[in-house]
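**Q** Dropping the structure in here first, questions after.
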Amino acid sequence: MFYGTEHGLYITIDGAKTWSKFNNGYPSVSTMDMVIQERESDLVIGTFGRSIWILDDINPLRVLASKGQKEVMDASVTAIPAVTAYQVSTRSAHGPANPGNATFEGENRRNGIASIKFFAKKPEAPQRPNREANANGVPERGQFAEGQGGRGGQGRPGAAGGRARGPQAKIEIFNQAGELIKDFETPVEDGLNVATWRFDENIPGQEDEPQGGNNRFRFGGSVPALPGTYKVKITVGGESDETSLEYKMDPREEYVMSNLIARRDFLKDISVINNEVTKMSGKISEDMESVDKVIKALEGKRGEEYNQLRTKSNDIKKEMEELQGLIGRGGRGFFGGGSGDGPTPLQTEVFTLLRAVSGSYDAPVQAQKTSLKQIEDRRKELQQKMDAWYAENWSAYLSAVKDVSFAPIGTN
């Protein structure tokens with residue numbers, strides 16, 4: 001219950017046994033009128049002299065009131081009913097192009113996401129084994145496979161381990177058929193937590209990454225979920241709770257569900273190719289960093305064996321740059337690689353098609369389907385070329401580095 005007074009807003013979650021002043025940004029002002037907008041679960045407040053205030057989404061307070069604060073705080077996780085989420089169109093609207101300071105707009109909900117709220121008790125952080133490193137901070141030999149081809153990080157001498165993460169909540173989203181379409185992890189703290197879903201589905205074949213993850217060799221692409229009602233399962237410390245979430249398109253937009261399905265399925269196919277191309281690009285980029293380490297370590301060293309390794313390293317780097325120019329430079333911009341008079345990098349072709357299909361609610365046209373087939377054929381061709389190059393050159397290069405009496409990279 002809410003109670004407006006001459007000196008602010010008060011709230012109770014225990015049936016009026018105790019009252020607490022609501023201070024979360026709300027001023028100590030005469031509170032004249034209140035109404036709850038049930039569709040949005042918002043509390044709208046009329047004040048004397050401080051305009052209208054809107055307390056967005058009071059569902060967390062309702063859960064505390066209905067279940068009791070002690071029960072909620074003692075539980076590992078308690079899901080909160082979600083308000084309807086909209087995929088808001090951000091296209092330019094009719095009206096003044098430059099309103100200046102004549103227009104006042106309050107803070108709106110974030111576009112392009114659904115908020116998944118839950119109460120939780122923070123579990124203990126999982127223990128992660130420490131990676132062994134030598135005195136120079138370089139991983140010891142034997143930690144890396146030699147590997148061939150572009151299978152996403154295999155054979156990556158010099159790769160670094162990830163940072164330890166704190167406790168995580170697992171979020172799973174299921175469609176009405178009970179199929180898991182999206183899962184991810186998000187940090188969890190004691191009390192109220194908010195996870196965000198970007199109205200997307202898992203990309204087949206792509207490794208899960210935590211919310212807010214930063215894979216520098218991943219670029220572009222997502223599979224849009226379809227509007228509808230979804231089940232959300234939240235798991236913290238081995239215990240779970242569930243709620244439902246309704247997702248709608250912007251009511252100002254016209255769309256046909258069959259077109260959205262065709263677009264979703266097509267983007268899924270592109271994203272699978274995108275994932276493979278990104279792995280290829282990441283493989284080349286990381287191994288080039290290892291070659292750069294060797295070249296750097298050779299600076300100032302004299303002798304025939306060092307000169308031969310220096311020449312071999314420069315030759316290897318040049319050949320890898322040529323491969324990278326055909327694939328694209330992961331993590332260095334969507335249009336990295338290639339040259340003005342050379343072939344268009346494969347990553348650029350993938351991103352161009354992704355952008356064209358993502359920018360419309362229409363089904364893909366025949367020209368776009370043809371482009372997808374050509375991109376996949378070129379990807380297979382480049383994958384074969386890359387695998388052949390690694391089979392012929394990479395193991396021999398690692399052996400050459402190993403034969404020299406210094407170890408800037410792991411070679412076993």
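Just so it is clear, none of the values below were taken in a lab; they were calculated from the coordinates. Model, not experiment: these values are computed from the prediction. As a convention, Cβ positions derive from the backbone with ideal geometry for all residues, glycine included, and neighbour counts pool all protein chains shown.
**Q** Would you mind checking which residues have amide H under 5 Å from I116's amide H? H placed 1.01 Å from N; only 5 or more apart, or other chain.
**A** Those lying under 5 Å, H to H, from I116 are A195, T196, W197.
**Q** Another question about this same structure. How would V401, V365 line up from fewest to most surrounding beta-carbon atoms within 10 angstrom?
**A** Taking fewest neighbouring Cβ atoms as first place, the list is V365, V401.
**Q** Which of the GluC sites (Glu not before Pro) found in segment 1-49 are loop residues per DSSP with 11 or fewer other Cβ atoms within 10 Å of their Cβ?
**A** E6, E38
**Q** Here's a follow-up. Taking neighbour counts of Cβ atoms within 10 Å as a proxy for exposure, in what order, fewest first, do M280, M1 appear?
**A** Taking fewest neighbouring Cβ atoms as first place, the list is M1, M280.
**Q** Just in segment 244-284: which trypsin sites (Lys or Arg not before Pro) are loop by DSSP and have at most 10 other Cβ atoms within 10 Å?
**A** Answer by residue number: R252.
**Q** Let me ask something else about it. Under 17 Å Cα to Cα from K373, which aspartates and glutamates show up? Leave out anything in the same chain fewer than 8 places away.
**A** In chain and number order, the partners are D265, D269, E276, E349, E381.
**Q** What distance in nm lies between label points placed 7 Å from Cα along the C-beta direction at A363 and E124?
**A** Going by the 7 Å Cα→Cβ label model, 5.6 nm.
**Q** Would you pull out the residues with amide H under 5 Å of Y86's amide H, same chain only if 5 or more places away, H placed 1.01 Å from N?
**A** Hits under the 5 Å cutoff: K248.
**Q** Please turn the phi angles of segment 387-392 into ³J(HN,Hα) values with the Karplus equation 6.51 cos²θ - 1.76 cosθ + 1.60 (θ = phi - 60°), one per residue in order, whole Hz, x for glycine and proline.
**A** Couplings: 4, 5, 5, 5, 4, 7 Hz.
**Q** Using Cβ contacts closer than 10 Å as the measure, can you line up T47, T196, T229 from fewest to most?
**A** Placing the least packed residue first, the sequence is T229, T196, T47.
**Q** So for the pair K318, R110, with labels modelled 7 Å out along Cα→Cβ, what separation do we get in nm?
**A** Using points 7 Å along Cα→Cβ, the separation is 4.8 nm.
**Q** How high is the relative contact order of segment 257-403, in percent, counting Cα pairs under 8 Å that sit 6 or more residues apart?
**A** 31 percent
**Q** Run the reach check for K369 against lysines, Cα to Cα strictly under 16 Å, same-chain hits fewer than 8 apart removed. What comes back?
**A** Within reach: K268.
**Q** Which lysines, if any, have their Cα less than 19 Å from the Cα of K312, not counting same-chain residues under 8 positions apart?
**A** K293, K296, K301, K402
**Q** What is the spin-label model distance, in nm, from M257 to E305 if the labels are put 7 Å beyond Cα along the C-beta direction?
**A** Label at M257, label at E305, 7.1 nm between them.
**Q** If you build the convex hull over the alpha carbons only and average its shadow over all orientations, what do you get for segment 1-56? Give it in nm² to one decimal.
**A** So the mean shadow area of the Cα hull is 3.8 nm².
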